[in-house]
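Quick notes on the structure that follows.
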Amino acid sequence: MNRWSVDFHARTPLTEQLYVQLRREIEEGVLEPGTRLPSRRRLAEMAGVSATTAEGALGRLLEEGYALSRPKSGLYVNAVQPRPRIETAARTEIRWNFGTGVMDASQFPYSVWAKRMREVLSEQKEELLSSGDPRGSLGLRQEIAGVLRRLRGIQADPERIVVGAGTEDLVRQVLSLVGRSGLYAVEDPGYPTIRRALVSGGARIAPLPLRDGAIDIGELYRSGAGAVYVTPGHQFPTGTEMDAESRTALLVWAREGNGLILEDDYDSEFHYEEEHCPPLVAMNPERVLYLNTFARTLAPGLRIAFMLLPKGLSDRYTSLFGSCSVSCFEQETLAKMIRDGSYERHINRMRLVYKRRLTALEKAIQETQLGTLMPCSAGLYVLLRAGGNVASAQLCERAAQYGVRVKRLAEYGVMRTGADMERMVLLGFAGMDEEKIQSGIEQLRQAWIEA
């Protein structure tokens with residue numbers, strides 16, 4: 001009789017069923033820390049499922065910290081188990097949301113978007129009703145190339161730009177282009193959405209630690225990964241910028257080992273200091289696949305992102321994909337906004353808005369003496385090292401009871417969730433004006449005053 005089994009008639013996905021059984025055995029000590037987990041093929045045989053299903057279950061254990069990867073050896077049960085999530089939403093209405101993905105709806109350029117959308121509809125172009133080019137409309141790709149040149153110093157060929165419905169959607173397409181069999185290194189702590197996109201797409205990931213705010217290059221060499229996902233301009237979630245030495249070392253790794261760098265340049269539009277390093281793709285366009293999104297500059301709900309492919313991959317793209325995942329209407333509307341200058345005017349205005357909100361947050365933290373803010377030169381959130389001795393999980397719980405939402409830094413780690421992260425919380429400032437930020441920090445002080 002197989003040790004693990006699944007119900008093929010149940011509504012619960014097979015990967016989920018297998019993952020739950022493995023996780024339960026780890027939590028109950030049946031699978032002890034340090035135990036080597038079966039390979040995906042062996043697990044598939046034991047559970048009577050496909051290798052893809054087995055790999056998805058193992059990948060989720062790795063992503064959530066129940067397992068750790070030892071290069072050229074396999075997956076092992078992690079000695080440090082992740083803590084269960086604390087449910088807080090049902091207790092108190094959240095009135096002050098310091099989440100990192102929150103945007104202020106009042107700042108969206110509704111009138112400009114509506115006007116450009118009406119123009120698109122009035123033109124009644126036949127191509128608006130077709131599936132269009134799988135890379136996205138040529139007009140939008142040309143405008144994106146212009147934005148990259150003006151704002152980021154990137155010389156981009158529109159033929160190598162691909163538009164997609166979010167960064168996760170594009171990352172899954174990358175797996176089809178590059179292959180799922182190789183190992184993908186990711187930052188730890190890092191962006192969990194991308195980890196999930198890679199794992200759900202059938203890829204194996206290797207979460208690697210940070211050193212001086214950038215992915216540890218020595219660990220990258222030792223991991224044996226053939227591709228790496230990084231956020232060098234504004235590392236998520238620590239907010240640090242990769243220095244010039246680390247950038248050079250990362251590019252050397254890619255060149256020496258024929259590796260691929262997936263550079264996510266989100267938040268690059270919101271730098272508050274003049275000096276910052278150029279994107280990796282501007283330094284080596286053949287070894288870097290560049291990703292960015294309009295979710296931060298306009299609205300997450302638009303679900304419009306893009307990537308700039310190295311030439312070797314762009315030549316293959318149209319042979320693998322038949323349509324673009326973003327509607328032609330939205331693409332043409334955005335292209336018009338960029339073309340008439342209103343998009344960049346909006347960015348310039350929002351940079352000033354966010355700078356004021358950052359200043360208000362810094363002032364409020366200083367006045368309330370909640371802790372120490374880490375330096376913030378870019379992006380839409382800051383890291384706070386809270387004072388006192390109470391763990392961040394309890395601080396977030398107390399904050400939620402007072403109607404304030406904050407996020408723990410430790411939530412974004414896979415295996416790196418040690419003491420250095422335990423007192424750190426993230427405070428997003430994009431979704432509230434200065435007055436509400438100030439009242440929210442005061443409410444947070446009330447929540448933490450006895451903690």
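Please treat every number below as a calculation from the coordinates, not as lab data. What you see is a predicted model, and the numbers here were worked out from it, not measured in a lab. FYI the Cβ positions are ideal-geometry reconstructions off the backbone, even for glycines, and counts take in every protein chain you see.
What to note about this one:
- Over 22 Å (Cα to Cα) - which of 336/436; 125/336; 72/311; 115/355; 125/311 fall in this group: 336/436; 72/311; 115/355; 125/311
- Coupling constants for region 28-36 follow from the phi torsions by the Karplus curve (6.51 cos²θ - 1.76 cosθ + 1.60, θ = phi - 60°), and in residue order they are 8, x, 4, 9, 7, x, x, 5, 6 Hz; glycine and proline get x.
- Expressed to the nearest 5 percent, the antiparallel share of DSSP beta bridges inside the chain is 60 percent.
- A simple charge model with +1 on the Cβ of Lys and Arg, -1 on the Cβ of Asp and Glu and nothing else charged puts the dipole of region 165-233 at about 260 debye relative to its Cα centre.
- Simple spin-label estimate for residue 7 and residue 372 in nanometres, 7 Å along Cα-Cβ: 5.3 nm
- Residue 252/residue 356 FRET efficiency (R0 41 Å; Cβ-Cβ; nearest 0.05): 0.50
- Normalised by the number of residues in region 168-240, the average gap of Cα pairs under 8 Å and 6 or more apart makes the relative contact order 36 percent.
- Label sites at residue 105 and residue 28, each approximated as a point 7 angstrom past Cα along Cα to Cβ, lie 4.5 nm apart.
- Sorting 189-198, 98-107 by average packing, meaning the other beta carbons within 10 Å per residue, from highest down gives 189-198, 98-107.
- Relative contact order computed over region 110-340 (Cα-Cα under 8 Å; 6+ residues apart), in percent: 29 percent
- Estimated FRET transfer efficiency (residue 115, residue 349; beta-carbon r; R0 22 Å; 0.05): 0.80
- For the chain, the relative contact order is 20 percent, taking Cα pairs closer than 8 Å that sit 6 or more residues apart in sequence and dividing their mean separation by the residue count.
- Centroid-to-centroid separation of region 170-200 and region 301-375 [C-alpha atoms, Å]: 21 Å
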